[in-house]
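Structure first, then comments.
The values are calculated or read from the model by the stated rules, or taken from the named source; none is laboratory data. These numbers come from a predicted model, not from an experiment. Virtual Cβ from ideal backbone geometry, glycine too; neighbours counted across all protein chains shown. Protein only, heavy atoms only, side chains kept; ligands, DNA and RNA dropped before computing areas. Shrake-Rupley method; radii C 1.70, N 1.55, O 1.52, S 1.80 Å.
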Amino acid sequence: MDPHHTDPLFARVYTQPGEQPARGPSSLQLAAGRIAQISALSDLPASARHHLALPALANAHDHGRGLRTLAFGAQDQALETWLTELAYEPRVDPYLRAVVAFARMVESGICAANHCHNTQDGRQLLAEAEAVSRAARDVGIRIAFAVPFAGRNSVVYGPLEPLLKQLPATDHARVHAMRRPSRSLQENMQLVEQIAALEHEFFSVQYGPVGPQWLDDGALLAIAQASAADGRRVHMHLFETRPQRDWADAHYKHGLIQHLDSIGLLSPRLTIAHAVWLSLDECRLLAERGVTVSANLSSNMRLRSGVPAWRNYLDAGLKFGIGLDGMSCDDDEDMLRELRLAWRHLGTQCSANEFSLADLFEAACVTGRYSITGADGGGRIAAGAPADFIVLDTQRLYSDVLDPARSDELNLILARASKRDIARVVIAGRTVAQDGRCVTVDLPALEARLLEDARQAMLAAPVDAAAVSRLRDAVAHYYAHEALHCACGDSTAD
Ligand SMILES: [Zn+2]
């Protein structure tokens, strides 16, 4: 079967969910990756009787790890100690790692994702990026690859000495090695250019300053200037946790957000991931500069970070998309469940007038997408727009509804739908998932290969679990007892 549709698809259609009522039986004609025409029909064919098309979803922040963190033994806990347990991730084929993650995403209705790349080997970034670009092309998902820039405060935000005091001397060399950046700023800037040479319809490059506590001011300035010059987007973790906020407050006299503004980093090209610990004034400034937030509610709950500052976003008019961060609530990468969770949680913070279903779909389909692809007219089902949409089979959703005419359909979808209700996912006019299965790659076979690869890697290079556990405990102690060391705001030189 040619997955590029030349025959029309049939469904009822939400062109802009919440904003426009569903159109009745329609035919969707696609051409050259775009929606060519939407025409009304008198009825749907029997095979599409329960089909309902909606714009596809965007995953505004992720890391594209095919092996889930729980699979390799990093337990859910506070971010700072969780990071130490990422050492358990076995080094696997970077293509398998990415392709499994991307195939799972499309099965959940995601057409575009921000991929904040975590290197497995800091010296192999270009090879890893090439593998990610191939995975994006093979799956047919739109990926923005954030090139990771880091350089300070690895392991803990602040000087190492108090941490080292908690560890036997035999562990110190390992911690010092973790502290050393694997690439210079200049190398990273060159890598952005080299990785940009790999760009294609489904793969683009962004600057990825990992987070202000992990990157020195000079590098942040260089990224701000480079982005202003070449127009590339920037994607950065910001104020995910309380210790990050405390560190920034101690380190920047006039405030970190003001500082980022003064160096020109705050712009419509910037996406900030998490943004949990933002004040209203900071949200106002970010909104004024056109910055986009990626809110990652499930991840924030699993990693005990807090919850997105929804109230402040709404009051400030700060735009946000929604991301899974590889840490969905049920550990199943189900974007529709994440929407449900965000919708419910937002509902506790504001009235329906302040944030409507239309706003939710705008966040999930349009704003998140903008942070990945820039403005490309996507996120809506309209003639001329990129043909990125999902088709739900609504049979299960309505199975016990006595009078469908009395049902508010979008509310029903928000309350009940999950990826198992997705009959089809179309990206750039091509069916990438059908009846819940990715059809562009063989996900079960790739998952099996990934697990085998991971098992082999664990045998070949076993992780010193006792050392990881000692470091985990020392980091926990550091933030429980030595948090004020953050105030010294140390850098790489220890
Ligand atoms: Zn993240």
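Values computed for the structure shown
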quantity: Options 228, 224: the member that is part of a helix (DSSP H, G or I), under 21 Å from residue 370 (Cα atoms) and open to solvent by 50 Å² or more (accessible area, probe 1.4 Å); calculated: 228
quantity: Single condition residue 122 does not satisfy, out of (1) modelled with pLDDT of 95 or more; (2) open to solvent by less than 20 Å² (accessible area, probe 1.4 Å); (3) in contact with a Ser or Thr (Cβ under 8 Å, 6 or more places away or on another chain); calculated: (1)
quantity: Region 240-259, subset more than 23 Å from residue 325 (Cα to Cα) and not in a helix (DSSP H, G or I), residue most open to solvent (accessible area, probe 1.4 Å); calculated: 253
quantity: Cβ pairs under 7 Å, 6+ apart, first in region 348-359 and within 19 Å of residue 14 (Cβ to Cβ), second open to solvent by 30 Å² or more (accessible area, probe 1.4 Å) and not in a loop (DSSP other than H, G, I, E, B); calculated: 355/314
quantity: Residues of region 134-144 that turn out to be surrounded by fewer than 24 Cβ atoms within 10 Å (Cβ to Cβ) and under 11 Å from residue 200 (Cα atoms), as a count; calculated: 2
quantity: Residue match in region 71-79 (condition: under 25 Å from residue 465 (Cα atoms), of a type in the set (A, V, I, L, M) and open to solvent by less than 10 Å² (accessible area, probe 1.4 Å)); calculated: yes
quantity: Filter result for residue 379 (closer than 23 Å to residue 356 by Cα and part of a loop (DSSP other than H, G, I, E, B)); calculated: yes
quantity: Residue in region 49-58 that is loosely packed, with under 15 Cβ neighbours inside 10 Å and either modelled with pLDDT of 95 or more or under 30 Å from residue 298 (Cα atoms) (or both) present; calculated: no
quantity: Subset of region 291-324 (residues that are among the hydrophobic types (A, V, I, L, M, F, W, C), part of a helix (DSSP H, G or I), open to solvent by 10 Å² or more (accessible area, probe 1.4 Å) and more than 16 Å from the ligand (Cβ to nearest atom)); calculated: 314, 316
quantity: Region 260-287: number of residues that are within 16 Å of the ligand (Cβ to nearest atom) and buried (at least 24 other Cβ atoms within 10 Å of the Cβ); calculated: 6
quantity: Residue in region 95-117 that is in contact with a Pro (Cβ under 9 Å, 6 or more places away or on another chain) and β-branched (Val, Ile, Thr) present; calculated: no
quantity: Whichever residue in region 398-418 is assigned to a helix (DSSP H, G or I) and either of a type in the set (S, T, N, Q) or in contact with a strand residue (DSSP E or B) (Cβ under 9 Å, 6 or more places away or on another chain) (or both) and, among such residues, is farthest from residue 332 (Cα to Cα); calculated: 409
quantity: Selection from region 326-352 of residues that are open to solvent by less than 10 Å² (accessible area, probe 1.4 Å), in contact with an Asp or Glu (Cβ under 9 Å, 6 or more places away or on another chain) and within 16 Å of the ligand (Cβ to nearest atom); calculated: 327, 328
quantity: Cross-chain or 6+ apart pairs with Cβ under 6 Å, region 275-300 first and at positive phi, then within 16 Å of the ligand (Cβ to nearest atom); calculated: 275/238; 275/239; 275/293
quantity: Hits in region 391-413 (condition: closer than 20 Å to residue 341 by Cβ and of a type in the set (A, V, I, L, M, F, W, C)); calculated: 392, 397, 410, 412, 413
quantity: Failed item, numbered, when residue 89 is tested on (1) in contact with a helix residue (DSSP H, G or I) (Cβ under 7 Å, 6 or more places away or on another chain); (2) in contact (Cβ under 8 Å) with a residue 60 or more places away in the chain; calculated: (2)
quantity: Region 28-45, residues that are hydroxyl-bearing (Ser, Thr, Tyr) and either open to solvent by 50 Å² or more (accessible area, probe 1.4 Å) or not in a strand (DSSP E or B) (or both); calculated: 42
quantity: Selection status of residue 109, more than 16 Å from the ligand (Cβ to nearest atom), more than 24 Å from residue 295 (Cα to Cα) and not hydrophobic (A, V, I, L, M, F, W, C); calculated: no
quantity: Which listed residue is within 16 Å of the ligand (Cβ to nearest atom) and either under 23 Å from the mean Cα position of the chain (by Cα) or open to solvent by 40 Å² or more (accessible area, probe 1.4 Å) (or both), from 377, 368; calculated: 368
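Per-residue answers, yes or no, for (1) within 16 Å of the ligand (Cβ to nearest atom); (2) at pLDDT below 95; (3) among the charged types (D, E, K, R); (4) not in a loop (DSSP other than H, G, I, E, B):
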{"site": "25", "(1), (2), (3), (4)": "no, no, no, yes"}
{"site": "67", "(1), (2), (3), (4)": "yes, no, no, no"}
{"site": "71", "(1), (2), (3), (4)": "no, no, no, yes"}
{"site": "92", "(1), (2), (3), (4)": "no, no, no, no"}
{"site": "97", "(1), (2), (3), (4)": "yes, no, yes, yes"}
